[in-house]
Amino acid sequence: MTPVFPDDALPISGEVQFWRLDPDNWDSVLGAVRELGLDTIATYLSWRRHEPDPGTFDLSGRHGPELDVHRFLELCRQHELRVILKPGPWICAEERNGGFPDWIVDDDAMIALDWQRRPVSGYNPPFKHPMPSYASRSFRDHVEKWITAVWQDLLDYTGPDGPIVATQYDNEPSVGFQDSMYGFDYHPEAVESWRAQLGVPDAEPPTPRVHGRAEPTDLELSWQWWQRTYIRDYLTWLADVTSKSAPGLAGSVNLNTHPVRGWPQDGGVLVTGLPGTVVGEDHYFVPPLDGDDLTGMAIAAGQARLSGSPLIWAPEMQAGIWRSPGESVDYPDPTPHELEAWWGASLALGYQGFNWYMLADRDNWELAPIDPQGRITPVGEAARRLIRQLRAVGHLRSYRPEASRTIAWTDAARASAYRVRGTQAHPVAPWDDARAREDYGHAETQAHLAFESGHQFDLAPQGSELSPPSVRTTAPGCLVRVHRAPGGAALIWVVRWTPAALIATITVELDDAGHRLEPADGGEAIAVDRSADGVFCIPPSGSAVQLFVSLSTRAAVIPESARNRSRSRGDESD
């Protein structure tokens, strides 16, 4: 299997849902993608649009020019753009039925059931709809026909010459965000699968309880662990179906945030079941951006490192804002600097890359970097600033964040909390029990305290004592982190995520920093404060993200741009 991104590539892409744009604007939109400095895009295919009735596959635009996948891929090839093509089967995407055809969601025999044997209604209003059971053989038969038809039709666009280089298996697979212990899946074929794993043919699945012991019973634990493998086995099956028609295509899986992070979708379980597949969490915030949002990002990055994913990558990184029909908007629009800080913080906290969602505006989405006509927006200018800095660094993936502590992150604590939590949309369940959430709550509290005190942290089954962070600042609304390359080179991230921090001079104390910091993409070096060794005063630059290289004695590798500037001034690179 080829990687989603080659080792020497910048692992950042952007979502362009061409089928929601005027086909006359495809070329200009793709030109704007290249102008931003990107070489990779991603796009979903909406099953319901390409197969409105069983067997009526249309990927060549017979039923409308916006459905001409072939023409779009040819344009991508002309613009030398790599493509991550995602045919679902479920895509979410502020799309009717999440992309499922009506004839799928109308078949009651395929629909997942909750603990009361009621049909599971997934996704968010106004797109809420019945969700098929991943275990339904009938559902899988229809999915296999759809996935096979897609890859057989588009096979000439895969392979070394692309432009299709990767795919994604389903989308945020949690039965339409029904991510609670009792929310899924009591469909007869799902229960049959659980009984087979348990080895008890007549066992009955657990139902909620309020009283009694706080910890899960053995039966409840078996159900929880089965829910993890239920998701894993469905995705493994999807990957097998894909590989039969498009062998060698790289794969990815995107996870959504749960009330108990990493359950029932667990990155480690999925990475083990899908070797070589990139597994990561999607990231969104409701403006204004705050410390809780960034702490959640830090936890997710820690989970991704713990999972063993070959790339620490976010398949969806918010760029703009969703706008659903009938939605009551009681929050402000995200600003360009706020979004820039969100992206920069993800990288500072340990992500190695991401897919901007969305890169181009379309129905039900606003404020993306590119408008529907292919013009770069103010958010796009923020994106271009960030890309310019990242490309100046070079070999970004060789740098790793320096962690100053490890937080205990155990299956036992998460399993206990998962038993009493509700769904993502309604996390407080009638059967809640504070005792069951105590250990998990403690881990989350430790993560918040670590973030607030400037500590970069990892997650592991065993925690560690706190050690002093290698970089310190007391500036509110400012995130500062140090990443190291194997040879010792230091990359310093300064992310200003509040309006006040954006215009402030930030004082940073950095261990082993040498006598100056070089901006990664050019500009004047910042000299150490003569009054205190290792203290730097960093003025605002107009950008929410500033990247510096520390030219210290440990810096064995520095960007060519910084090296050239030093030579031109006759400076030593120590």
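Taking segment 413-472 as the region of interest, how many residues are in a strand (DSSP E or B), under 30 Å from P125 (Cα atoms) and either touching a residue at least 24 places away in the same chain (Cβ under 8 Å) or among the basic types (K, R) (or both)?
To start, the set of residues in segment 413-472 that are in a strand (DSSP E or B) comprises 421, 428, 457-460, 471-472.
The next check asks that each one be under 30 Å from P125 (Cα atoms); those that pass are 421, 428.
Then keep just the ones that are either touching a residue at least 24 places away in the same chain (Cβ under 8 Å) or among the basic types (K, R) (or both); that gives 421.
The number of residues fulfilling the criteria is 1.
What is the number of the single condition among (1) more than 25 Å from the chain's Cα centre (by Cα); (2) open to solvent by 40 Å² or more (accessible area, probe 1.4 Å) that A135 does not meet?
Tallying (1) more than 25 Å from the chain's Cα centre (by Cα); (2) open to solvent by 40 Å² or more (accessible area, probe 1.4 Å), A135 fails exactly one: (2).
Hey, does segment 395-414 have a residue that's of a type outside the set (V, I, T), open to solvent by less than 10 Å² (accessible area, probe 1.4 Å) and at pLDDT 95 or above?
Checked segment 395-414: no residue is of a type outside the set (V, I, T), open to solvent by less than 10 Å² (accessible area, probe 1.4 Å) and at pLDDT 95 or above.
Would you confirm, using the coordinates I've provided, whether H483 is touching a Pro at 6+ places or on another chain (Cβ under 6 Å) and either buried (at least 19 other Cβ atoms within 10 Å of the Cβ) or within 30 Å of W223 (Cβ to Cβ) (or both)? Give the derivation first.
Values: touching a Pro at 6+ places or on another chain (Cβ under 6 Å): yes; either buried (at least 19 other Cβ atoms within 10 Å of the Cβ) or within 30 Å of W223 (Cβ to Cβ) (or both): yes.
Against the criterion (touching a Pro at 6+ places or on another chain (Cβ under 6 Å) and either buried (at least 19 other Cβ atoms within 10 Å of the Cβ) or within 30 Å of W223 (Cβ to Cβ) (or both)), H483 qualifies.
Looking only at segment 430-458, count every residue that is among the aliphatic types (A, V, I, L, M), closer than 18 Å to V480 by Cβ and surrounded by 19 or more Cβ atoms within 10 Å (Cβ to Cβ) and tell me the total.
To start, the set of residues in segment 430-458 that are among the aliphatic types (A, V, I, L, M) comprises 434, 436, 443, 447, 449-450.
Right, trim to closer than 18 Å to V480 by Cβ and you get 447, 449-450.
Now restrict to residues that are surrounded by 19 or more Cβ atoms within 10 Å (Cβ to Cβ): 447, 450.
Residues in segment 430-458 being among the aliphatic types (A, V, I, L, M), closer than 18 Å to V480 by Cβ and surrounded by 19 or more Cβ atoms within 10 Å (Cβ to Cβ): 2 in total.
Mind counting the residues in segment 20-47 that are closer than 25 Å to I387 by Cα, open to solvent by less than 10 Å² (accessible area, probe 1.4 Å) and among the small types (G, A, S)? So that I can check it myself, show each step before the final result.
Our first condition is that a residue be closer than 25 Å to I387 by Cα; within segment 20-47, this holds for 21, 25-44.
Adding the requirement that they be open to solvent by less than 10 Å² (accessible area, probe 1.4 Å) leaves 26, 29-30, 32-33, 36, 38, 40-44.
In the following step, the residues that additionally are among the small types (G, A, S) were identified as 32, 42.
Within segment 20-47, residues that are closer than 25 Å to I387 by Cα, open to solvent by less than 10 Å² (accessible area, probe 1.4 Å) and among the small types (G, A, S) number 2.
Quick one: E192 ticks every box in (1) surrounded by 15 or more Cβ atoms within 10 Å (Cβ to Cβ); (2) more than 29 Å from the chain's Cα centre (by Cα) except a single one, so which number is it?
Here E192 clears every test but (1).
Evaluate the following for L349: is it open to solvent by 10 Å² or more (accessible area, probe 1.4 Å) and in the same structural domain as L30 (by the TED database)? Let's see the steps before the verdict.
On the way: open to solvent by 10 Å² or more (accessible area, probe 1.4 Å): no; in the same structural domain as L30 (by the TED database): yes.
The answer is no for L349.
Find the residue count for segment 243-266, including only residues that are of a type in the set (V, I, T) and either open to solvent by 10 Å² or more (accessible area, probe 1.4 Å) or free of Cβ contacts under 8 Å to residues at least 12 places away in the same chain (or both). If you could, list the steps in order and put the result at the bottom.
Restricting attention to segment 243-266, the residues satisfying the condition of being of a type in the set (V, I, T) are 253, 257, 260.
Cutting the leftovers down to either open to solvent by 10 Å² or more (accessible area, probe 1.4 Å) or free of Cβ contacts under 8 Å to residues at least 12 places away in the same chain (or both) gives us 257.
Matching residues across segment 243-266 total 1.
Can you find even one residue in segment 114-125 that is within 22 Å of F57 (Cβ to Cβ) and either over 24 Å from the mean Cα position of the chain (by Cα) or free of Cβ contacts under 8 Å to residues at least 24 places away in the same chain (or both)? Reasoning before the result, please.
Looking only at segment 114-125, we keep the residues that are within 22 Å of F57 (Cβ to Cβ), and these are none.
Within segment 114-125 (the criterion being within 22 Å of F57 (Cβ to Cβ) and either over 24 Å from the mean Cα position of the chain (by Cα) or free of Cβ contacts under 8 Å to residues at least 24 places away in the same chain (or both)), the answer is no, since none of the residues qualifies.
Only one of V191, V271 is free of Cβ contacts under 8 Å to residues at least 40 places away in the same chain and touching a Gly at 6+ places or on another chain (Cβ under 8 Å); which? Quick ask: steps written out before the conclusion?
On the way: V191 fails: touching a Gly at 6+ places or on another chain (Cβ under 8 Å).
Only one candidate qualifies: V271.
Can you tell me which residues in segment 105-132 are in contact with a Lys or Arg (Cβ under 8 Å, 6 or more places away or on another chain) and either β-branched (V, I, T) or open to solvent by 10 Å² or more (accessible area, probe 1.4 Å) (or both)?
Across segment 105-132, the qualifying residues are S121, F127.
E80: surrounded by fewer than 16 Cβ atoms within 10 Å (Cβ to Cβ), within 27 Å of the chain's Cα centre (by Cα), assigned by the TED database to the domain that holds P160 and farther than 20 Å from E381 by Cβ, yes or no?
On the way: surrounded by fewer than 16 Cβ atoms within 10 Å (Cβ to Cβ): yes; within 27 Å of the chain's Cα centre (by Cα): yes; assigned by the TED database to the domain that holds P160: yes; farther than 20 Å from E381 by Cβ: yes.
Spelling it out, E80 is indeed surrounded by fewer than 16 Cβ atoms within 10 Å (Cβ to Cβ), within 27 Å of the chain's Cα centre (by Cα), assigned by the TED database to the domain that holds P160 and farther than 20 Å from E381 by Cβ.
Scan (1) in the same structural domain as G251 (by the TED database); (2) of a type in the set (A, V, I, L, M, F, W, C); (3) surrounded by 22 or more Cβ atoms within 10 Å (Cβ to Cβ) for the single condition L75 breaks and write down its number.
The one condition L75 does not meet is (3).
Which of the residues that make up segment 369-394 are open to solvent by less than 40 Å² (accessible area, probe 1.4 Å) and over 21 Å from P334 (Cβ atoms)?
Within segment 369-394, G374, A392, V393, G394 qualify.
Go through segment 311-334 and report how many residues are within 25 Å of L502 (Cα to Cα) and touching a Leu at 6+ places or on another chain (Cβ under 9 Å).
The total comes to 6.
Which is at pLDDT below 95, surrounded by 19 or more Cβ atoms within 10 Å (Cβ to Cβ) and not aliphatic (A, V, I, L, M), of P469, P427, P461, P476? Before the answer, list the steps.
Numbers: P427 fails: surrounded by 19 or more Cβ atoms within 10 Å (Cβ to Cβ); P461 fails: surrounded by 19 or more Cβ atoms within 10 Å (Cβ to Cβ); P476 fails: surrounded by 19 or more Cβ atoms within 10 Å (Cβ to Cβ).
Going through P469, P427, P461, P476 in turn, the sole match is P469.
Name, by its number, the condition in (1) of a type in the set (V, I, T); (2) in contact with a strand residue (DSSP E or B) (Cβ under 9 Å, 6 or more places away or on another chain); (3) crowded, with 20+ Cβ neighbours inside 10 Å that does not hold for V420.
(2)
Among the residues of segment 1-25, write down those that are over 15 Å from L85 (Cβ atoms) and of a type in the set (V, I, T).
Answer for segment 1-25, where residues must be over 15 Å from L85 (Cβ atoms) and of a type in the set (V, I, T): just I12.
Residues that are assigned by the TED database to the domain that holds K86 and either modelled with pLDDT under 95 or of a type in the set (D, E) (or both): list the helices (runs of 4 or more DSSP H) wholly contained in segment 203-314 that include at least 1 such residues. Don't jump to the end; show me each part of the working.
Values: elements: 218-245, 267-273, 291-307.
Passing ranges, in order: 218-245, 291-307.
In segment 520-538, which residues are under 19 Å from S470 (Cα atoms) and modelled with pLDDT of 80 or more?
I526, A527, V535, F536, C537, I538
The values are calculated or read from the model by the stated rules, or taken from the named source; none is laboratory data. The structure displayed is predicted, hence computed values, not measured ones. Note that we place each Cβ from the backbone using ideal geometry, even for glycine, and neighbour counts take in every protein chain shown. Side chains are part of the model used for accessible areas, which takes the heavy atoms of the whole protein and leaves out ligands, DNA and RNA. Shrake-Rupley method; radii C 1.70, N 1.55, O 1.52, S 1.80 Å.
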